[in-house]
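Asks: Before we start, here is the structure in question, set down as structure tokens.
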Amino acid sequence: MVGSLSPSEEAQLAQTIEMFEVITQSQPQDYQSLEILKEAYIKLGRDHDVVRTSKRIAQAYVLMGQLSSAILEYESVLQRTPDDAEVLAALGEIESRATNLNTPAPSPEPLPEPRPPAKTSRSGKAVKPPSEVEDGRAAMFKLFVEGKVIQAGDFELCWPKTDLQSCPLAVQEPFIQILADKGIVPVEKSLRLLADKTRLGYLPMEKYDLDVELARSAPVDTLLRWCVLPFDRMSKSLLVATANPFNRQAALEIEEALHLRVLWYLTPPSDLVKILRKVVRQPLA
């Protein structure tokens, strides 16, 4: 595998490993970042590190109570090292724990109610009514207002007023940046709240070698309207920087356009705005 990689690809993988090793050391339950690490090691043919990272992924699943996922990951290790005593012991412990828990499985989430056809914009693209767009407003309100971080009036003052009917001509600043600009909540505090709630990895984009062409492959409207930035790709997953990880609409638009699964990473909004202004080719007014 290594021989088929170009020097630039090897360098990019090495940078990915360096960055995500740092992320996963500080956030051991961030299985998404661990999966990215594992894939990078596979591409570089570093089998020992693949096994080591798979064990870390399985341990992260155990910590989150996702025992079936942990078992599958440990079994993938046994395919490489069938007599791995550490893995065999871990599987035995999981089996014992699962037997003793005897906890009923959670009910599946109900399917969403069917919705009427969306209206169509002048460009021919379907546009949902604002009330039907899952842009993270409800989750942010719960976290910041019901969590008694800010008042409801401050939330209404700072939540971005998004125009879904026209093409944005500039980057829409994220909610937590507006909160900071008005002196209500510092960005650092907001990012800590989001990281604690979502357990997503935190990645300062100024330290990452951005794939500009990949970023430009996403719809311009999506990037500007929701202030999101695709910055790397791993297999069938797209790594996307955001300051609002609850924005399902942004994820949906990117996934439909690029046919890749979105993996969110928290990024300071100032980094996002600055980079987007540089890399996004602005639409004509």
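The values are calculated or read from the model by the stated rules, or taken from the named source; none is laboratory data. This one's a predicted model, so the numbers in the text were calculated from it and none came from an experiment. FYI the Cβ positions are ideal-geometry reconstructions off the backbone, even for glycines, and counts take in every protein chain you see. These area figures cover heavy atoms from the full protein model, side chains too; ligands, DNA and RNA do not enter into them. Shrake-Rupley method; radii C 1.70, N 1.55, O 1.52, S 1.80 Å.
Asks: If I take R0 = 35 Å and measure r between the Cβ atoms of residue 182 and residue 207 in this structure, what FRET efficiency does the formula 1/(1 + (r/R0)^6) give, to the nearest 0.05? Can you show the working numbers first?
Replies: On the way: r = 28 Å, r/R0 = 0.80.
In this case the efficiency is close to 0.80.
Asks: List, in the order given, every pair from 148/236; 43/207; 55/148; 189/274; 148/278 whose Cα-Cα distance in the structure shown is over 31 Å.
Replies: 148/236; 55/148; 148/278
Asks: Just to be sure I understand the model, the point goes 7 Å from the Cα along the line to the Cβ. What's the resulting residue 166 to residue 199 distance in nm?
Replies: Label at residue 166, label at residue 199, 4.3 nm between them.
Asks: Quick one: if you stick a label point 7 Å off each Cα along the C-beta vector at residue 237 and residue 66, how many nm between them?
Replies: Calculated label separation equals 0.9 nm.
Asks: Give the residues of the range 34-66 whose amide nitrogen is closer than 20 Å to a point set 7 Å from the Cα of residue 255 in the direction of its Cβ.
Replies: Once the point is set 7 Å along Cα→Cβ of residue 255, 34-36 turn out to lie under 20 Å by backbone N, inside the range 34-66.
Asks: Accessible area of the chain with a 1.4 Å probe: how many percent of it is carbon plus sulfur?
Replies: Numbers: 8500 of 15930 Å².
Roughly 53 percent, rounded to a whole number.
Asks: Need one word for the range 200-285: rounded, prolate or oblate. Basis is the Cα gyration tensor (sqrt eigenvalues a ≥ b ≥ c); a/c below 1.5 gives rounded, then a/b vs b/c decides.
Replies: Rounded is the answer for the range 200-285, as its axis ratio a/c remains below 1.5.
Asks: Further question: In the chain, what % of DSSP beta bridges are antiparallel (nearest 5)? Mind dumping the intermediate values first?
Replies: Values: 7 of 14 bridges.
Around 50 percent of the beta bridges assigned by DSSP in the chain are antiparallel ones.
Asks: If you take the square roots of the eigenvalues of the alpha-carbon gyration tensor of the chain and sort them as a ≥ b ≥ c, do you get rounded (a/c under 1.5), prolate (a/b over b/c) or oblate?
Replies: Verdict is prolate for the chain.
Asks: Using a 1.4 angstrom probe, figure out how much accessible area the chain has per residue, in square angstrom, rounded to the nearest whole.
Replies: Numbers: 15930 Å² over 285 residues.
Accessible area per residue: 56 Å².
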